[in-house]
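> Take this structure, written in structure tokens, and hold onto it; I'll ask about it next.
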Amino acid sequence: MFSLVLQNLWAKKGRSLGIAAAIGLAVMTVVTLMVVSTSLETAAAQILTIGRADFSVAQKGVAEVLNSNLTNRDLQNVRLTPGVASAIGVYVATENLNADNPIFIEIGIDPSDLQGFGVRVLSGRPYGPTSPHEVMLGWRAAQNFGLHVGDQFKALGTSNTVVGIYTTGNSFGDSGAMFPLPVLQGYNRVPGQMTLFFVKVEPGQPVVKVQSTIDRTYPGMTTIRTAEQFGRADTNLVFLRAAVTSSTVLAILIGAVIVGNTMLLSLFERTREFGLLRAIGWARTRVVGLVVGEGVILALIGSCLGLLLAVLAVALLKYVPALRGVLHPTFDQSAFLRGLATGLGMAVIGALYPGLRASSLRPLEALSRE
Amino acid sequence: MSDSRAALAPDTSDRAQSVPAVQVRGLTKVYDDGLIQALNGVNLDVGHGEMVSITGPSGCGKSTLLHLLAALDVPTSGSIRVQGHAVDSLDHPNRYRREVVGLVFQLHNLLPRLSLLGNVEVAMMGSRRPRRERARHALELLGEVGLGSLAHRHPTQLSGGERQRVAIARAMANDPTVLLADEPTGSLDTASVHSVLSLFVKLRAERSTTIVLVTHDSSVAEVADRRIEMLDGCVVKDNQPASVPRSGGPDRP
């Protein structure tokens, strides 16, 4: 039957190509959205893995994690929680440095916490605890700007001396800069405010239990250990995921209607053929299989086309100024599988009704149609 | 009737051979809530390997009778048995049409995008024949109808008579014991009519296929060894040979 399916599609090349293109566009939309959202999610969640912490703590339910507002009192409370070995408070901000670096990450951290945070100074020295014009650059940022120890780096509206180059072992952290905590807080006019706490648990203590204690004791705070838990502190991410899921469902429905309509038109043209197949003994399921089989082949072609278009679309999106430096897309297996599932879903849903209609034709009536 | 696959296999036992291949009793068919009476208590027996023509004017019910024999429609009342199968109460009419009877229509109804081989093979899809065996059998059948060398051509490259011969090969694809043909020569020229009729005669002779041939053309009907005439939904004349059990007979003198 496979060869019959191929011959049927080949006989109406233009129409087949049209359906495949429609499926391809829907798949492209879904995959592109998914890759972009995953990329943004990964970039945002990377901030959690900068330090050598067991988990992070943020303010609960803020639109985005960078708006998290934690205080010294909160930090003390976390430090006093049973099972907590240490907790480091950092302030994280972004600055639009220039067109090439619209979202440059700046981390405010006390120099005494650098080691505990997992920061290793590669050259130079750490800044002073309150030095107003000293900065340490991540090695990626230093490489990007072509700066070395002793050079000047313009940020926070002033010129700062690069006193050290550091690494955190995390590309997100290594692409930013670190400032004394009160200096970054002062520049952003949020004295005493912190964005995240990085918590280490005492040896032998179950991390989940400590997390649970903090979550339960301090309802205004939330603990985050994985990228999936990131949504607790960043509702934007939740909305983004919901938007991608909605778009996928919508794309499947719209695509299914397009596929269904086109295949229904094909059904009217091939009424005699289906009547004949029924008359010579084809079972209903076989007729449904023939029509759905045509849909599945179109879905596979459309999905391949869509995935190709998605790769091109994402490559182009990297050059959109608002996304420059933020979007680090990776096409993983799940993106491809979701694209394929979208295409197949559209085709099967779209072809099922025409297939059932074709299978329920009365042979005599169908054969008498012109 | 059992709906198992085995139940539809031709019954070649002595007992099966002793009953007619086709047995119709009190068959009626009405349309439009009784306004149109297409068949009116038809009784008919067709013996194994017999070639029967059914003639009559348009609207006499001959095509309706054939459609009921083919399980393409259901009777209003009466019974039909073909090769022992109760056609009026089939659970799987599609399986019956695939395994017990072969159908030939006035219009060949070949699929234009398939080759001749593909058109014959398509009837075997759903049967237990392996794919390679299907192709071999289709080629063999095309050879039997004299079109073996054209197996890879498409229907549009053939004459009307050749197309109808392919349709006959398709009808024989699953080796049915009964062939039902509805006006098979209705749209053919004289030369093609002759070649198609010769094929029916050959099939009956070589395969002992029971053939029921519906036609409005009395010259075509003459090729059959038994002629049945219908009028207003009744059998009015049956030149039944003595060898066939006379359980039915004409409904109207």
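> State which residue is farthest from the other protein chains (Cβ to nearest Cβ) when the search covers only the range B:136-149 and only residues that are open to solvent by less than 30 Å² (accessible area, probe 1.4 Å) and aliphatic (A, V, I, L, M).
Only one residue tops the list, namely B:LEU147.
> Output the number of residues of the range B:99-111 satisfying the condition of being more than 15 Å from B:ARG165 (Cα to Cα) and part of a loop (DSSP other than H, G, I, E, B). If you could, list the steps in order and put the result at the bottom.
Going residue by residue through the range B:99-111, those that are more than 15 Å from B:ARG165 (Cα to Cα) are B:99-101.
With part of a loop (DSSP other than H, G, I, E, B) added as a condition, the list becomes B:100.
Total meeting the criteria: 1.
> Moving to a separate point now. Run B:LEU69 past the list (1) within 14 Å of chain A (Cβ to nearest Cβ); (2) open to solvent by 10 Å² or more (accessible area, probe 1.4 Å) and report the number of the one that doesn't hold.
(2)
> Does the range A:32-50 include one or more residues that are touching a residue at least 40 places away in the same chain (Cβ under 8 Å) and either more than 23 Å from A:VAL244 (Cβ to Cβ) or within 14 Å of another protein chain (Cβ to nearest Cβ) (or both)?
Step one: filter the range A:32-50 for residues touching a residue at least 40 places away in the same chain (Cβ under 8 Å), giving A:32-50.
Retained after the next criterion (residues that are either more than 23 Å from A:VAL244 (Cβ to Cβ) or within 14 Å of another protein chain (Cβ to nearest Cβ) (or both)): A:50.
For the range A:32-50, residues touching a residue at least 40 places away in the same chain (Cβ under 8 Å) and either more than 23 Å from A:VAL244 (Cβ to Cβ) or within 14 Å of another protein chain (Cβ to nearest Cβ) (or both): present.
> Please state which one of A:VAL57, A:VAL65, A:VAL119, A:VAL78 is in contact with a strand residue (DSSP E or B) (Cβ under 6 Å, 6 or more places away or on another chain) and within 17 Å of A:TYR166 (Cβ to Cβ). Spell out how you get there, then give the answer.
Values: A:VAL57 fails: within 17 Å of A:TYR166 (Cβ to Cβ); A:VAL65 fails: within 17 Å of A:TYR166 (Cβ to Cβ); A:VAL78 fails: within 17 Å of A:TYR166 (Cβ to Cβ).
After applying the criteria, what remains is A:VAL119.
> Residues to consider are A:ALA315, A:ALA256; find the one that is surrounded by 17 or more Cβ atoms within 10 Å (Cβ to Cβ) and assigned to a helix (DSSP H, G or I). Before you say what the answer is, go through the steps one by one.
Numbers: A:ALA315 fails: surrounded by 17 or more Cβ atoms within 10 Å (Cβ to Cβ).
Unique residue meeting the criteria: A:ALA256.
> I've got another one for you. Any residue at all in the range A:332-347 that is at pLDDT 85 or above, in a helix (DSSP H, G or I), open to solvent by 40 Å² or more (accessible area, probe 1.4 Å) and farther than 12 Å from A:VAL27 by Cβ?
Checked against the condition, which is being at pLDDT 85 or above, in a helix (DSSP H, G or I), open to solvent by 40 Å² or more (accessible area, probe 1.4 Å) and farther than 12 Å from A:VAL27 by Cβ, the range A:332-347 yields no hits at all.
> If you go through the range A:121-142 one residue at a time, do you hit one that is of a type in the set (Asp, Glu) and under 28 Å from A:GLY204 (Cα atoms)? Don't jump to the end; show me each part of the working.
If we filter the range A:121-142 for residues that are of a type in the set (Asp, Glu), which is where we start, we get A:134.
After this cut, where a residue has to be under 28 Å from A:GLY204 (Cα atoms) as well, the list is none.
No, the range A:121-142 has no match at all.
So that you can scan it fast, the table gives a plain yes or no per residue for (1) open to solvent by 60 Å² or more (accessible area, probe 1.4 Å); (2) among the aliphatic types (A, V, I, L, M):
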residue	(1), (2)
B:GLU162	no, no
B:VAL166	no, yes
B:ALA169	no, yes
B:ASP182	no, no
B:LEU188	no, yes
B:GLU206	yes, no
B:THR210	no, no
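> What are the pairs with Cβ atoms under 9 angstrom where one residue, in the range B:117-131, is at the interface with chain A (Cβ under 7 Å from one of its Cβ atoms) and the other, located anywhere, is among the polar types (S, T, N, Q) and open to solvent by 20 Å² or more (accessible area, probe 1.4 Å)? Sequence gap at least six, or different chains.
B:ALA123/B:ASN174; B:GLY126/B:ASN94
> Please go through the range B:83-93 and pick out each residue that is within 14 Å of chain A (Cβ to nearest Cβ) and either crowded, with 23+ Cβ neighbours inside 10 Å or touching a residue at least 40 places away in the same chain (Cβ under 8 Å) (or both).
Applying the first criterion (within 14 Å of chain A (Cβ to nearest Cβ)) to the range B:83-93 yields B:85, B:87, B:90-93.
Matches in the range B:83-93: B:HIS85, B:VAL87, B:LEU90, B:ASP91, B:HIS92.
> Hey, A:MET221 hits all of (1) within 25 Å of the chain's Cα centre (by Cα); (2) at pLDDT below 90; (3) over 15 Å from A:ASP54 (Cα atoms) but one; which does it fall short on?
Tallying (1) within 25 Å of the chain's Cα centre (by Cα); (2) at pLDDT below 90; (3) over 15 Å from A:ASP54 (Cα atoms), A:MET221 fails exactly one: (2).
The values are calculated or read from the model by the stated rules, or taken from the named source; none is laboratory data. Just so you know, these numbers come straight off a predicted model, no measurement behind them. Because the Cβ atoms are built from the backbone with ideal geometry, glycine has one as well, and the counts that use them run over all protein chains shown. These accessible areas exclude ligands, DNA and RNA; they are computed on the full protein's heavy atoms, side chains included. Shrake-Rupley method; radii C 1.70, N 1.55, O 1.52, S 1.80 Å.
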